[in-house]
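Asker: One structure is given below, represented as structure tokens, and several questions about it will come after.
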Amino acid sequence: MNAYAGLAGPIVRSVDADDGRECARIDRFLIGHPRATLFHRPAWVRAVAAGTGHAGRFLVAERGRAIVGLLPVTEIRSRLFGSALVSSGFGVGGGILADDEQTIRLLARAAIALASKSRCGSVELRGGPVPDGFAAETGNHAGFARDLADDDEALLKAIPRKQRAEVRRAQSLGLAVSVGRGPNDRRAHHAVYAESVRNLGTPVFPRSLFDTMIDFFGDNADILTVRADGRPVASVLSFYFKGCVYPYWGGGTRAARSLRANELMYFELMRHAVRRGCIRFDFGRSKVGTGAFAYKKNWGFEPEPLTYARYSTDGAEPRTINPLDPKYRLRIEVWKRLPLWVANRIGPIIARGLG
């Protein structure tokens, strides 16, 4: 794709995600930008591409050699759900990162042009400003984040009384907690997460996505697992960026509920994150009105409405992947009843197209 430029304004270039030198420049820009998120990082875009096969690129706005704006994009393609240019693919954040209207406008135009060239039916921006011509979507999702206290007792006191009692109950049950990135950690996490999402009626993402995320993020990602009598019952894959921990793919088996394993998992992750020097805990997004939304509020996190933006490149309706859509209700109930080995076999084929 050719560069795009405004009158006396920045130039927007399309950058290959495998260009190591450019990715290093992008990372330096992100470290210095106050609104940069985990999902803007080259490691995220590259891991998605390696783990799912969906192509990823960066639209970079520059004045001279200085980066003044960024939009990471992934081409998500699915026979079931259609195609879209997403920022950021498989993330809950992303969107245009820029400080002035002209740069925002140029990056949006470049994304639309790239989507048309790539034959993607729409552009999806998960966060950031809503450019002219894009439809805003607000009220479907909320984010949950707050600062972390700096010692164990203060961490506990920050949790509302009822939820704090659940954590203390979990601490009394003799559960074991481990943190790592090795083969055993990865196997345990995938087994737990796959069962957890099957029980919710959702297809599991490919194991390769989790593996590449850990490989690309290195020390900035790890897996915390809770075991009962040696069996993994809860596990979460988390990321670390600019003093914030992001517990991203986590869940528990059916046994986890009675053991309060999820409660122990998230509290131990808070403790672990503080030891790593983190000062903030990002509990991620949840759909309004769901059990996950209520669960995060129980921990004392206040929901912050999220705004996403869409642009249809061909005039058709954009893809719909919201599991709360009534047309998916029956399919979700059927999926919950699938044998786990069946769900694990066909789930990744479906889920890689959700992005």
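Asker: Go through segment 194-233 and give me each residue that's part of a loop (DSSP other than H, G, I, E, B), touching a Phe, Trp or Tyr at 6+ places or on another chain (Cβ under 8 Å) and closer than 17 Å to Gly91 by Cα.
Answerer: Of all residues in segment 194-233, those part of a loop (DSSP other than H, G, I, E, B) come to 201-206, 229-230.
This time we only want the ones that are touching a Phe, Trp or Tyr at 6+ places or on another chain (Cβ under 8 Å), so: 201-205.
Passing the criteria: Thr202, Pro203, Val204, Phe205.
Asker: I would also like to ask the following. Sort through Arg280, Arg254, Arg275 and tell me the only one that's farther than 28 Å from Gly95 by Cα, in contact with an Asp or Glu (Cβ under 9 Å, 6 or more places away or on another chain), surrounded by fewer than 17 Cβ atoms within 10 Å (Cβ to Cβ) and not β-branched (Val, Ile, Thr).
Answerer: Arg254
Asker: Could I ask something else about it? Taking the stated definitions as given, is Ala61 modelled with pLDDT of 95 or more and either surrounded by fewer than 24 Cβ atoms within 10 Å (Cβ to Cβ) or under 20 Å from Thr307 (Cβ atoms) (or both)? Don't jump to the end; show me each part of the working.
Answerer: On the way: modelled with pLDDT of 95 or more: yes; either surrounded by fewer than 24 Cβ atoms within 10 Å (Cβ to Cβ) or under 20 Å from Thr307 (Cβ atoms) (or both): no.
Here the answer is no, as Ala61 does not meet what is asked.
Asker: Here is a further query. Do we find a residue being out of contact with any strand residue (DSSP E or B) (no Cβ under 6 Å at 6 or more places or on another chain) and within 29 Å of Phe210 (Cα to Cα) anywhere in segment 95-111?
Answerer: Looking through segment 95-111, none of the residues is out of contact with any strand residue (DSSP E or B) (no Cβ under 6 Å at 6 or more places or on another chain) and within 29 Å of Phe210 (Cα to Cα).
Asker: Within segment 197-209, count every residue that is modelled with pLDDT of 95 or more and surrounded by 19 or more Cβ atoms within 10 Å (Cβ to Cβ).
Answerer: 1
Asker: Please specify each residue of segment 40-51 satisfying the condition of being touching a Ser or Thr at 6+ places or on another chain (Cβ under 9 Å), surrounded by fewer than 24 Cβ atoms within 10 Å (Cβ to Cβ) and not charged (D, E, K, R).
Answerer: Of everything in segment 40-51, those that are touching a Ser or Thr at 6+ places or on another chain (Cβ under 9 Å), surrounded by fewer than 24 Cβ atoms within 10 Å (Cβ to Cβ) and not charged (D, E, K, R) turn out to be Ala49, Ala50, Gly51.
Asker: Looking at Ala110, Ala136, which is the one that is in the same structural domain as Gly32 (by TED's automatic domain parsing), of a type in the set (A, V, I, L, M), in contact (Cβ under 8 Å) with a residue 60 or more places away in the chain and not in a strand (DSSP E or B)? Lay out the reasoning, then the answer.
Answerer: Working: Ala136 fails: not in a strand (DSSP E or B).
The match here is Ala110.
Asker: Now for a different question. Considering each residue of segment 273-321, count those that are touching a Phe, Trp or Tyr at 6+ places or on another chain (Cβ under 7 Å) and either modelled with pLDDT under 90 or assigned to a strand (DSSP E or B) (or both), and give that number.
Answerer: 11
Asker: Within segment 139-155, track down each residue that is farther than 18 Å from Lys297 by Cβ, touching a residue at least 40 places away in the same chain (Cβ under 8 Å) and not acidic (Asp, Glu).
Answerer: Filtering segment 139-155 for residues farther than 18 Å from Lys297 by Cβ gives 149-154.
Checking the rest, the ones that are also touching a residue at least 40 places away in the same chain (Cβ under 8 Å) come to 149-152.
Listed by number, the list holds a single entry, Ala149.
Asker: Something else about it: Name the residues in segment 234-272 that are part of a strand (DSSP E or B), more than 19 Å from Ala36 (Cα to Cα) and polar (S, T, N, Q), would you?
Answerer: Ser235
Asker: Another question, then. So for segment 152-162 (the condition being closer than 23 Å to Cys278 by Cα, of a type in the set (Lys, Arg) and touching an Asp or Glu at 6+ places or on another chain (Cβ under 6 Å)), does at least one residue qualify? Can you show your working first?
Answerer: Initially, segment 152-162 is screened for residues closer than 23 Å to Cys278 by Cα, giving 152-160.
Right, trim to of a type in the set (Lys, Arg) and you get 157.
Narrowing the set further to residues that are touching an Asp or Glu at 6+ places or on another chain (Cβ under 6 Å) leaves none.
No, every residue in segment 152-162 fails to be closer than 23 Å to Cys278 by Cα, of a type in the set (Lys, Arg) and touching an Asp or Glu at 6+ places or on another chain (Cβ under 6 Å).
Asker: Now a separate question. For the list (1) of a type outside the set (Gly, Ala, Ser); (2) at pLDDT 95 or above; (3) in contact with a helix residue (DSSP H, G or I) (Cβ under 6 Å, 6 or more places away or on another chain), I need the number of the one condition that Pro10 fails.
Answerer: Answer for Pro10: the failing condition is (2).
The values are calculated or read from the model by the stated rules, or taken from the named source; none is laboratory data. It should be emphasised that the depicted structure is a prediction, and the values quoted were computed from it without experimental measurement. Note that we place each Cβ from the backbone using ideal geometry, even for glycine, and neighbour counts take in every protein chain shown.
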